[in-house]
Amino acid sequence: MNTDFPFIPYNAVQFDEDQMLERAKAWNEFIQKRRSVREFSSRPIPIDLVNSILQSAGSAPSGANKQPWTFCVVSDPKIKREIRIAAEKEELENYESRMSEEWLRDLAPLGTDWKKPFLEDAPYLIVVFKKSHDLDEQGNKLKNYYVQESVGIACGFLIAAVHNAGLVTLTHTPSPMNFLCKILNRPENEKPFLLLPLGFPADEITVPDIQRKKLEDIVAYY
Ligand code: IYR
């Protein structure tokens, strides 16, 4: 077999069956506590914490191990302001004319609107870009595969790592979000995927009392 990678032993983590169930239940209980938060404290967080979370995100599986993502870390208040102004401009148009009646009705219980103060309040904004292709040193295109799936999985890892660290985030998708390429001066092979404010929740916030679907409503056994 011709391969660029030597194969090395896989040292699987191992637990006995009781431990496995206990760990699965403990993780479930913990991840169930995660909520999307829209009001952020400006309390700073150390960059080491952000970097560690992003390393976890970057460990996600990806098509042919191409890792087709870039995580932009924004803390500069001037850039955050620029992003907020551009995002709110798009969102105002969304809420006032582009979103359907049904969509607005579905969002009403969540209390969202076009105003996005969290884009300035949160100490960090993580702007995730997907790389539709890569470029070699000569500028030739190199293919990436299952980009949408890969970057989506990496964002899932990121969100879980944020919760694990005791921080909060929100999957924000200002739409359209091309303005992020310009503001952050990204190369042409990168397209914005998701914007995640990162920080502590503001004091005494509330979240909507949503319920998660029951297991029998999300699983089919064969
Ligand atoms: N992107 C808009 C609208 C929005 C859409 C969905 I679907 C949500 O679950 C929440 C919001 C916004 O961020 O307000």
Count of residues meeting criterion [in a helix (DSSP H, G or I) and in contact (Cβ under 8 Å) with a residue 24 or more places away in the chain] in region 1-46: 2
Single residue of region 102-133 satisfying the filter (among the charged types (D, E, K, R) and exposed (fewer than 15 other Cβ atoms within 10 Å of the Cβ)) that is farthest from PRO208 (Cα to Cα): GLU102
Single match in PRO61, PRO77, PRO44 (criterion: more than 12 Å from the ligand (Cβ to nearest atom), modelled with pLDDT of 95 or more and out of contact with any helix residue (DSSP H, G or I) (no Cβ under 8 Å at 6 or more places or on another chain)): PRO44
Residues of region 136-147 that turn out to be over 12 Å from ASN189 (Cβ atoms) and free of Cβ contacts under 8 Å to residues at least 24 places away in the same chain, as a count: 2
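May I ask you to verify whether ALA64 is over 30 Å from LEU142 (Cα atoms) and in a helix (DSSP H, G or I)? Write out each step before concluding.
Working: over 30 Å from LEU142 (Cα atoms): no; in a helix (DSSP H, G or I): yes.
Considered against the rule, which asks whether it is over 30 Å from LEU142 (Cα atoms) and in a helix (DSSP H, G or I), ALA64 comes out as no.
Within region 213-220, identify whether any single residue is over 21 Å from PHE118 (Cβ atoms), among the β-branched types (Val, Ile, Thr) and in a loop (DSSP other than H, G, I, E, B), and answer yes or no. Break it down into steps so the answer makes sense when it comes.
Of all residues in region 213-220, those over 21 Å from PHE118 (Cβ atoms) come to 213-220.
Okay, now just the ones that are also among the β-branched types (Val, Ile, Thr), so 218-219.
If we keep only those that are in a loop (DSSP other than H, G, I, E, B) too, we end up with 219.
There is at least one residue in region 213-220 that is over 21 Å from PHE118 (Cβ atoms), among the β-branched types (Val, Ile, Thr) and in a loop (DSSP other than H, G, I, E, B).
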Residue tally, condition exposed (fewer than 15 other Cβ atoms within 10 Å of the Cβ), under 15 Å from THR70 (Cα atoms) and in contact with a strand residue (DSSP E or B) (Cβ under 9 Å, 6 or more places away or on another chain), over region 135-175: 2
Some residue of region 190-209 being loosely packed, with under 14 Cβ neighbours inside 10 Å, touching a helix residue (DSSP H, G or I) at 6+ places or on another chain (Cβ under 6 Å) and under 23 Å from GLU91 (Cα atoms): yes
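The values are calculated or read from the model by the stated rules, or taken from the named source; none is laboratory data. All values reported here derive from a predicted model rather than from experimental measurement. When we count neighbours, we look across all protein chains shown, and the Cβ atoms used for this are built from the backbone with ideal geometry, even at glycine.
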